[in-house]
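The values are calculated or read from the model by the stated rules, or taken from the named source; none is laboratory data. Just so you know, these numbers come straight off a predicted model, no measurement behind them. Cβ placement follows ideal geometry from the backbone for every residue including glycine, while neighbour counts extend to all protein chains displayed.
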Amino acid sequence: MILHALYRYYEILLRDPKIEIALPGYSSANVNFALNLSKDGDLLDLFPFSTRIVQGKKEREIPSVHMNVPERVSLTSGVNPSFICDKAVYVLGISNKDYKDPDFINKCYEAFKKFNIELLSRANSPVSRAVTAFLEKYEPATARLNPVISRHLAELEKGAILIFWVENQNVLDDPEVRRVWEEHCLQGDSKLMQCLVSGEKAPIARLHPNFQGVRDTKMSGAYLVSFNERAYESYNRKEEQGLNSPVSQRVASGYGVALNYLLSASNSNRKIHIGDATVVYWAESTDTRYGNMFASLLNPDFVEGAPERPQQARQETEELLGRVAKKVERGQGMDIEQLSQGLESSTPFYVLGLSPNASRISVRFFINDAFEKFITRIISHYEDLKIVKEYPDQPDRISIYRIINECVSPKIGKREEEIKSRLSLIGGALLRSILTGTPYPESLYSFIINRVRVDMDDKEKHHYKVNYVRAAVIKACLLRKYRNYVNHPYKEVLQMSLNEEFTNPAYVLGRLFAVLEKAQTEAVGDANASIKDRYFASACATPASVFPVLLKLSQHHTAKAKFGKTTDHRIQQLLSLLEAVGKPFPSRLSLDEQGIFILGYYHQRAAFYVKTAEESAETTAAEFEE
């Protein structure tokens, strides 16, 4: 399914005039040098390539250029030469590596020479004869004495990749050279079998392409499909590798080009890194706006092509999300064409999550559906996260990155790497649940609850136990968990703001704790150690052991506070709600009930802020009238 989708996308890329994509039998590679030859096969010059790339606000030069070359043989432990383009150890017999076999470098050059001369002998052109003449007269033993080579010896010894030119003309531009290579690719010595992807009988690829661009994989790349151990082989196909999963050479080349393009910087829809997952996405269309819209909705902190204006980008995305959300709230189907003129809602869309696994790539998830359904699920995700804000300038839409960041304490210290490795799995699982509309991972909920219980408020650094993002995540996790239950136990509380009529003990106790905290603040101001610092974790887990103590303390606080009678009246109202259900202080709360406790605390505290803001606005208006 994945290979079929990637190959279909490859065929779409071939039809796109704006994208230079490799044809079957070719692939993109970073080339460092061109060996410029005369028509007689003499080495005239060694031309270095370089590319300037932009990283943030800076530009830097990298010593290579990206170009389409004959598909190179996947790197293995043996000697495997490629056509026309290869590493210096093959093309020139030069390397500074220490190989176990002392004759390995010479074997590489001889294999490259034999393979290329054999193919070029079938071409009838001056260019092919020039390369053949060079390979026949070149001597690796005296190469370092050549002034052309010695000028770039350090780069060549590190494994630079070279290509051939003849009198400043790329050898691959010669029709005869391309003809012999393409005939070799079509015929070769591969077995003819039915391709699992295309269904056609064709030469089967023994080795599949490798991929660069998946975070934390080797620099040389990693494989999505590979068989190199007897345990992975089937049907007694010893040392047949690709025959265990027969894919034609054309399809293998095509899906490899497509995935490498999606992972590269050339792709206008940049890949997304979430946890240990590298996520690529594409539509069955040449229109890049599908990907742009998907990425901007998924991450409101960034709009493709606008990193230098994040505030404006966020505003544009918020407006787009707002328009779509209104449609969802009314139960109306989204008109994608109206939101972004020319896009069709039924266009197939794909999202592929990849993770490193030694020299291979693991598929974390692969989701395909109509484009409209992806957008609807992303909007539903934001709707589930909606909760009353603490401050007006907080974002309406919370990005995945903000959610994941809230799982990590700002003071993780020595256990940083351990915790980051555990969190790496949450990102991919969270994205998958968003894109499929399923409940969020339980580990996310557990991490957030743990952070609330363990962290301490730090006003100077603006770190708080219970904040806007954490409360929103707790609400969304519980909402999705119980959405399909016939008897939803928390339906009345999983809303945006305070529900004063809800009598669930956990929710009322959370509200009560917020009122008791406010009483202390009104009485003594900012204490060195507030009841929130000392008792919140215990009150959340084992209310019966804490609240009697807090109620005694509240008597002293309400006696000192200016509005103590009003606060005392609120406390009595909440206690009456607890008494009405028969068990005012449960001995312990479950993990779900702890989340409800935190929501009650957050809703009540946010209600205090809203009321204070309204009173301040009324006072300002009255003063203005006077």
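Some values worked out for this structure:
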quantity: Condition met for residue 499 (of a type outside the set (D, E, K, R) and under 16 Å from residue 598 (Cβ atoms)); calculated: yes
quantity: Filter result for residue 215 (closer than 23 Å to residue 8 by Cβ, within 24 Å of the chain's Cα centre (by Cα) and modelled with pLDDT of 80 or more); calculated: no
quantity: Residue match in segment 517-530 (condition: under 24 Å from residue 463 (Cβ atoms), modelled with pLDDT of 90 or more and hydrophobic (A, V, I, L, M, F, W, C)); calculated: no
quantity: Some residue of segment 600-622 being in a helix (DSSP H, G or I), touching a Phe, Trp or Tyr at 6+ places or on another chain (Cβ under 6 Å) and either in the same structural domain as residue 512 (by TED's automatic domain parsing) or modelled with pLDDT under 90 (or both); calculated: yes
quantity: In segment 552-572, the residues that are within 14 Å of residue 518 (Cβ to Cβ) and not β-branched (Val, Ile, Thr); calculated: 553, 554, 557, 560, 561, 562, 563, 564, 565, 568, 569, 570
quantity: So residue 494, is it outside any loop (DSSP other than H, G, I, E, B) and either assigned by TED's automatic domain parsing to the domain that holds residue 595 or surrounded by 16 or more Cβ atoms within 10 Å (Cβ to Cβ) (or both); calculated: no
quantity: Identity of the residue in segment 465-483, in a loop (DSSP other than H, G, I, E, B) and in contact (Cβ under 8 Å) with a residue 60 or more places away in the chain, that ends up farthest from residue 602 (Cα to Cα); calculated: 465
quantity: Tally of residues being within 39 Å of the chain's Cα centre (by Cα) and within 15 Å of residue 49 (Cα to Cα) across segment 155-172; calculated: 9
quantity: Subset tally (residues that are touching a strand residue (DSSP E or B) at 6+ places or on another chain (Cβ under 8 Å), in a loop (DSSP other than H, G, I, E, B) and surrounded by fewer than 13 Cβ atoms within 10 Å (Cβ to Cβ)) for segment 192-223; calculated: 3
quantity: Test: residue 519 is hydrophobic (A, V, I, L, M, F, W, C) and within 16 Å of residue 466 (Cβ to Cβ); calculated: no
quantity: Elements of type strands (runs of 3 or more DSSP E) in segment 32-81, at least 1 residues being modelled with pLDDT under 85 and farther than 20 Å from residue 173 by Cβ; calculated: 51-55, 58-62
quantity: Pairs, first farther than 17 Å from residue 457 by Cβ in segment 394-411, second among the charged types (D, E, K, R) and at pLDDT 85 or above, C-beta under 6 Å, six or more apart; calculated: none
quantity: Failed condition for residue 376, given (1) surrounded by fewer than 19 Cβ atoms within 10 Å (Cβ to Cβ); (2) more than 16 Å from the chain's Cα centre (by Cα); (3) of a type outside the set (A, V, I, L, M); (4) outside any loop (DSSP other than H, G, I, E, B); calculated: (1)
quantity: Any hit, segment 303-325, residues being outside any loop (DSSP other than H, G, I, E, B), among the hydroxyl-bearing types (Ser, Thr, Tyr) and either at pLDDT 85 or above or not assigned by TED's automatic domain parsing to the domain that holds residue 444 (or both); calculated: no
quantity: Residue that is surrounded by the fewest Cβ atoms within 10 Å (Cβ to Cβ) [pool: residues in segment 450-464 that are in a helix (DSSP H, G or I) and touching a residue at least 12 places away in the same chain (Cβ under 8 Å)]; calculated: 454
quantity: Residues (without any contact (Cβ under 8 Å) to a residue 60 or more places away in the chain and either more than 40 Å from the chain's Cα centre (by Cα) or assigned to a loop (DSSP other than H, G, I, E, B) (or both)) located in segment 87-96; calculated: 93
quantity: Counted residues, segment 446-480 - those being touching a Gly at 6+ places or on another chain (Cβ under 6 Å) and not β-branched (Val, Ile, Thr); calculated: 1
quantity: Every pair of residues 6+ apart whose Cβ atoms lie under 9 Å, when the first sits in segment 359-371 and is over 18 Å from residue 273 (Cα atoms) and without any contact (Cβ under 8 Å) to a residue 24 or more places away in the chain while the second is outside any strand (DSSP E or B) and among the aliphatic types (A, V, I, L, M); calculated: 369/435
quantity: Qualifying residue in segment 500-509 (condition: buried (at least 19 other Cβ atoms within 10 Å of the Cβ), out of contact with any Asp or Glu (no Cβ under 7 Å at 6 or more places or on another chain), closer than 16 Å to residue 607 by Cα and of a type in the set (A, V, I, L, M, F, W, C)); calculated: yes
quantity: Residues (hydroxyl-bearing (Ser, Thr, Tyr) and either more than 46 Å from the chain's Cα centre (by Cα) or not in a loop (DSSP other than H, G, I, E, B) (or both)) located in segment 542-589; calculated: 545, 554, 558, 566, 567, 576
quantity: Scan of segment 497-525 for residues that are touching a His at 6+ places or on another chain (Cβ under 9 Å) and among the hydrophobic types (A, V, I, L, M, F, W, C), ordered by number; calculated: 498, 514, 516, 519, 523, 524
quantity: Test for residue 118: is it touching a residue at least 24 places away in the same chain (Cβ under 8 Å), surrounded by fewer than 19 Cβ atoms within 10 Å (Cβ to Cβ) and under 18 Å from residue 41 (Cβ atoms); calculated: no
quantity: Unique match (being out of contact with any Leu (no Cβ under 8 Å at 6 or more places or on another chain) and under 26 Å from residue 176 (Cβ atoms)) among 124, 106; calculated: 124
quantity: Candidate set: segment 410-443, residues that are more than 20 Å from residue 373 (Cβ to Cβ) and outside any helix (DSSP H, G or I); chosen: the one modelled with the highest pLDDT; calculated: 441
